[in-house]
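What follows is a short report on a single structure.
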């Protein structure tokens, strides 16, 4: 395929019905830095509140792996702001970069692993210091990812990246209690403002965030 933005030719997996293709380098260009900066500037300890601010403050497409970066930044910024566990700006940037390496466009459908699950895994991996030679830290991180995958799998039909971010972060508050022994505040009343933008048709009332 030929990228409609930069003209690069490469093997691709997804194009729009009109045949347009955008490569990974151009997809969401500029969004990574914006999401990172908004996460670093956040002051809330509520990951859902931070995520909604990032979504509103960044020109994100309705769908796209940029949402995985939102989940990483919001979750780690909330833990940093909570204050019980030390999280540095460098760790937030590190987790975002780890997420970016695996959260690639269309891989949710191609491999069955949504980038938002990767985002939560990267977050816990950085906090716990998970690595191949380790035991509990790596196991805990993998258990987190498996539970996030299960939670967002129940929200498909069609997929919605914004729903997945909210679902993962709500579960993330519970997982933080279980694995990190911290109680993060968790927004309850979230109303989606983007249902009209969904290219495959919003799930409507089947979504917990659909406006009543």
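Below are the figures for this structure:
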| read-out | value |
| --- | --- |
| Exclusive hit being surrounded by 24 or more Cβ atoms within 10 Å (Cβ to Cβ), at pLDDT below 95 and touching a helix residue (DSSP H, G or I) at 6+ places or on another chain (Cβ under 8 Å), set 103, 122 | 103 |
| Single residue of 119, 106 found to be under 19 Å from residue 34 (Cα atoms) and in contact (Cβ under 8 Å) with a residue 12 or more places away in the chain | 119 |
| Only listed residue being closer than 21 Å to residue 174 by Cα, touching a helix residue (DSSP H, G or I) at 6+ places or on another chain (Cβ under 9 Å) and assigned to a helix (DSSP H, G or I), chosen from 68, 45 | 68 |
| Qualifying residue in the range 131-153 (condition: in contact (Cβ under 8 Å) with a residue 40 or more places away in the chain and either surrounded by fewer than 17 Cβ atoms within 10 Å (Cβ to Cβ) or within 29 Å of residue 28 (Cα to Cα) (or both)) | no |
| Check on residue 64, surrounded by fewer than 21 Cβ atoms within 10 Å (Cβ to Cβ) and within 12 Å of the chain's Cα centre (by Cα) | yes |
| Counted residues, the range 181-196 - those being modelled with pLDDT under 95 and either assigned to a loop (DSSP other than H, G, I, E, B) or under 19 Å from residue 71 (Cβ atoms) (or both) | 9 |
| Residue match in the range 88-97 (condition: under 19 Å from residue 180 (Cα atoms) and either assigned to a loop (DSSP other than H, G, I, E, B) or within 12 Å of the chain's Cα centre (by Cα) (or both)) | yes |
| Number of positions in the range 179-210 that are closer than 20 Å to residue 157 by Cβ and loosely packed, with under 12 Cβ neighbours inside 10 Å | 7 |
| Unique residue being closer than 24 Å to residue 25 by Cβ, at pLDDT 95 or above, buried (at least 17 other Cβ atoms within 10 Å of the Cβ) and touching a helix residue (DSSP H, G or I) at 6+ places or on another chain (Cβ under 9 Å) when the list is 168, 117, 176 | 117 |
| Filter pass, residue 32 being more than 20 Å from residue 187 (Cβ to Cβ) and not in a loop (DSSP other than H, G, I, E, B) | yes |
| Inter-residue pairs, beta-carbon under 9 Å, first in contact (Cβ under 8 Å) with a residue 60 or more places away in the chain and in the range 6-17, second in a strand (DSSP E or B), 6+ apart | 14/21 |
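Conditions (1) surrounded by fewer than 16 Cβ atoms within 10 Å (Cβ to Cβ); (2) in contact with a strand residue (DSSP E or B) (Cβ under 8 Å, 6 or more places away or on another chain); (3) modelled with pLDDT of 90 or more, marked per residue:
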position: 7; (1), (2), (3): yes, no, yes
position: 17; (1), (2), (3): yes, no, no
position: 20; (1), (2), (3): yes, no, yes
position: 40; (1), (2), (3): yes, no, yes
position: 46; (1), (2), (3): no, no, yes
position: 58; (1), (2), (3): no, no, yes
position: 70; (1), (2), (3): no, no, yes
position: 82; (1), (2), (3): no, no, yes
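The values are calculated or read from the model by the stated rules, or taken from the named source; none is laboratory data. The structure presented is a predicted model; accordingly, all values stated were derived computationally and were not measured. Every residue, glycine as well, gets a Cβ built from its backbone with ideal geometry; the counts of neighbours run over all protein chains shown.
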